[in-house]
1. For region 66-106, which positions are in contact (Cβ under 8 Å) with a residue 40 or more places away in the chain and part of a strand (DSSP E or B)?
2. Does Glu195 fit the bill of being among the acidic types (Asp, Glu), within 25 Å of Leu122 (Cα to Cα), touching a helix residue (DSSP H, G or I) at 6+ places or on another chain (Cβ under 9 Å) and free of Cβ contacts under 8 Å to residues at least 24 places away in the same chain?
3. May I ask you to list the residues in region 149-189 that are under 18 Å from Ala124 (Cβ atoms) and touching a residue at least 60 places away in the same chain (Cβ under 8 Å)?
4. Return the residues of region 137-147 that are touching a residue at least 60 places away in the same chain (Cβ under 8 Å) and either hydrophobic (A, V, I, L, M, F, W, C) or exposed (fewer than 13 other Cβ atoms within 10 Å of the Cβ) (or both); say none if nothing qualifies.
5. Select, from Ser18, Ser26, Ser72, the only residue that is closer than 22 Å to Ile204 by Cβ and either at pLDDT below 90 or among the hydroxyl-bearing types (Ser, Thr, Tyr) (or both).
6. For region 156-207, how many residues meet the condition of being among the hydroxyl-bearing types (Ser, Thr, Tyr), surrounded by fewer than 18 Cβ atoms within 10 Å (Cβ to Cβ) and in a helix (DSSP H, G or I)?
7. Please enumerate the residues belonging to region 70-100 that are surrounded by fewer than 15 Cβ atoms within 10 Å (Cβ to Cβ) and not basic (Lys, Arg).
8. Determine, yes or no, whether Ile140 is among the hydrophobic types (A, V, I, L, M, F, W, C), at pLDDT below 95 and within 26 Å of Gly197 (Cβ to Cβ).
Amino acid sequence: MLKLRLIFVVFTLVLLQSCTEAKMDSRAVYMLLDTSGTYTKQFDKADGIIKYLLAKLSTGDSLALARIDSGSFSEKDIIAKITFDLRPSKANAQKRAFYTAVNEYGKDIRNSSYTDITGGLLQAIEYLNETGASDKTILIFSDLKEEIKEGHVRDFPIAFNGIKVIALNVTKLKSDNVDPREYMDRIAAWKKRVEDGGGSWEVINDFDHLGDILK
C-alpha cells in the first residue's frame with residue numbers, strides 16, 4: 001500500500017511539473033480592434049489576422065480579441081477570449097467556437113465615437129499577465145490616433161514589462177497626407193511610450209509579413 005502511495009505521489013508531482021512547464025512555455029496574444037471611422041469597413045483584414053492566429057497558436061496558448069471603444073478598460077469590450085485546452089481535440093473545438101464568436105461580431109460592428117487606445121492597452125496587459133504565459137503580445141489594429149472623452153486621463157506611463165506590441169494596418173489619415181510628419185510622429189510617440197515602459201514595438205503594414213507576429 002505504501003509503495004502504491006509513493007507511486008501516486010511521484011506521478012502527481014511529474015504531472016504538476018509538466019503542466020507548469022506547458023504554461024511557462026505558452027504564448028498569449030491580445031488583439032485590439034479599432035472600431036472608429038473607416039476601420040469598421042476593414043474587418044475583413046482583421047478577420048484574416050484572427051484566422052492566422054488560430055492556425056498558429058497551439059494547446060496551452062491564449063488568445064483574446066477586444067474592441068477599442070470610447071472607454072476601453074472593461075470586460076464588456078472583449079469580444080472573445082480563450083486559453084486552449086492541452087488536449088488537441090478540445091483545443092480545435094475551442095478555436096471553432098472562438099471564430100464563430102468573432103464572425104458573429106463582424107456582422108454588426110458598431111462605430112465608436114472615440115478611440116481609447118490607452119484604456120485598451122491597460123486591459124490587454126492585465127489579461128496577458130493573468131495568463132501566466134512566458135511570451136506575451138499585443139496587436140493593435142488601428143491608425144493609432146487616440147481620441148478620448150473629455151475628462152478622461154490617459155497621459156501616464158504604462159508598464160509593459162517585456163510585452164511585445166505590434167501595430168497592424170496603420171493607415172494614413174487625411175491630415176497625414178497634408179503633413180506626413182503627423183503620421184511619423186504618431187508612430188514615434190507610441191514607440192517611445194511602449195519602449196519606455198519596458199516593452200518592444202513593431203509596425204507591420206504588409207500582411208505578407210504576418211509570420212513576424214509569432215516569432
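1. The answer is Ala66, Arg67, Ile68, Ile78, Ile79, Lys81, Thr83.
2. no
3. Across region 149-189, the qualifying residues are His152, Leu168, Asn169.
4. Ile138, Leu139, Ile140, Phe141
5. Just one listed residue meets the conditions, Ser72.
6. Residues in region 156-207 being among the hydroxyl-bearing types (Ser, Thr, Tyr), surrounded by fewer than 18 Cβ atoms within 10 Å (Cβ to Cβ) and in a helix (DSSP H, G or I): 1 in total.
7. Once the filter is applied, which keeps residues that are surrounded by fewer than 15 Cβ atoms within 10 Å (Cβ to Cβ) and not basic (Lys, Arg), region 70-100 yields Ser74, Glu75, Asp85, Pro88, Ser89, Asn92, Ala93, Ala97, Thr100.
8. So Ile140 fails the test.
The values are calculated or read from the model by the stated rules, or taken from the named source; none is laboratory data. These numbers come from a predicted model, not from an experiment. Using ideal geometry, Cβ is built from the backbone for each residue, glycine included, and neighbour counts are taken over all protein chains shown.
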